[in-house]
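Shown next, in structure tokens, is the structure this report addresses.
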């Protein structure tokens, strides 16, 4: 029984967080995005057919023929599509996966034969490691997910996420280090019928002079693989209409922008966890996703409306302000505030 600590490094403007993961024997290091919103573990490899970035450079690849523990699963294949429209598909191996102090033998490794052009050109990221609650992977015929295999190996069936703004954060598997939190953890049961880490919220506010708690019940997916946070339209619009100079982008489906000069004055976003007085604080500066125009006059909002999406998604813009725990046994998610050390 083990626990393991894994450093994750931000890619781009905190778009994703990448970890060094070792596959095979001898170990081969690849760079994987740790994603609580999906369940497949796929990686670029010597099987990958690059159609756009034909001549490289490429992200670090898995070389199955160089691993003496690699075994091809004959007749197995996979095909995955993500919310942003990107996709990948390929074949399946069994091999050893290592991260932190954890070693998972005979794990399924999905080797990409073809993938979206964006994955080809994101030369920092080798693939994605899915950590969803109960979502089946996309391997046919069906096999256990990586989380199915990992969970019994852990000291305790939990993992935590401690992302940082513009800095290295950590995932920790097998224990909860409360020293990373500045207050107690409040646990929320995950929505039972959902295979995702979905939890219910109801009271939302933001720090403006006439501050009001808005009662609006919604379920949100806690997703480390999504950059921004997407709230129900009614909440997103109320927040952004409280920001002086806000504009909606005509080019990007009405996405919210605001004067970059006002970035330090953005209101903090607050969530009061259901049935408690525990308030989670997302600092206003975290809701600045950076320039929306070449002159840097207007900036994108890091929180947008979920209108047109099937689900509300609470991504890294929110999560990097918090300490978040995932209980694999009791199917619940815990939230705590933490000390934020990034500059204004």
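The values are calculated or read from the model by the stated rules, or taken from the named source; none is laboratory data. Here the structure is a predicted model, which is why all the values come from computation and not from measurement. Note that we place each Cβ from the backbone using ideal geometry, even for glycine, and neighbour counts take in every protein chain shown.
Details
- Looking across the stretch 139-164, just one residue is surrounded by 21 or more Cβ atoms within 10 Å (Cβ to Cβ) and part of a loop (DSSP other than H, G, I, E, B), and that is 145.
- Residue in the stretch 86-107 that is within 22 Å of the chain's Cα centre (by Cα), farther than 30 Å from residue 152 by Cβ and either assigned to a strand (DSSP E or B) or modelled with pLDDT under 95 (or both) present: yes
- Members of the stretch 213-232 found to be more than 28 Å from residue 33 (Cβ to Cβ) and in contact (Cβ under 8 Å) with a residue 24 or more places away in the chain, listed by number: 213, 214
- Note on the stretch 303-330: residues that are in contact with a strand residue (DSSP E or B) (Cβ under 7 Å, 6 or more places away or on another chain), assigned to a loop (DSSP other than H, G, I, E, B) and either farther than 24 Å from residue 182 by Cα or not assigned by the TED database to the domain that holds residue 221 (or both) amount to 3.
- Residue count for the stretch 277-302 under the criterion of being part of a strand (DSSP E or B), touching a helix residue (DSSP H, G or I) at 6+ places or on another chain (Cβ under 8 Å) and at positive phi: the result is 0.
- Of the strands (runs of 3 or more DSSP E) lying entirely inside the stretch 22-81, those carrying at least 2 residues that are free of Cβ contacts under 8 Å to residues at least 40 places away in the same chain and more than 30 Å from residue 199 (Cα to Cα) are 28-35, 71-81.
- Among the candidates 238, 285, 217, residue that is modelled with pLDDT of 95 or more, under 21 Å from the mean Cα position of the chain (by Cα) and not assigned by the TED database to the domain that holds residue 81: 285
- Filter pass, residue 167 being closer than 17 Å to residue 320 by Cα, in contact (Cβ under 8 Å) with a residue 12 or more places away in the chain, out of contact with any helix residue (DSSP H, G or I) (no Cβ under 9 Å at 6 or more places or on another chain) and surrounded by fewer than 17 Cβ atoms within 10 Å (Cβ to Cβ): yes
- Residue match in the stretch 126-133 (condition: part of a strand (DSSP E or B), at pLDDT below 95 and within 20 Å of the chain's Cα centre (by Cα)): no
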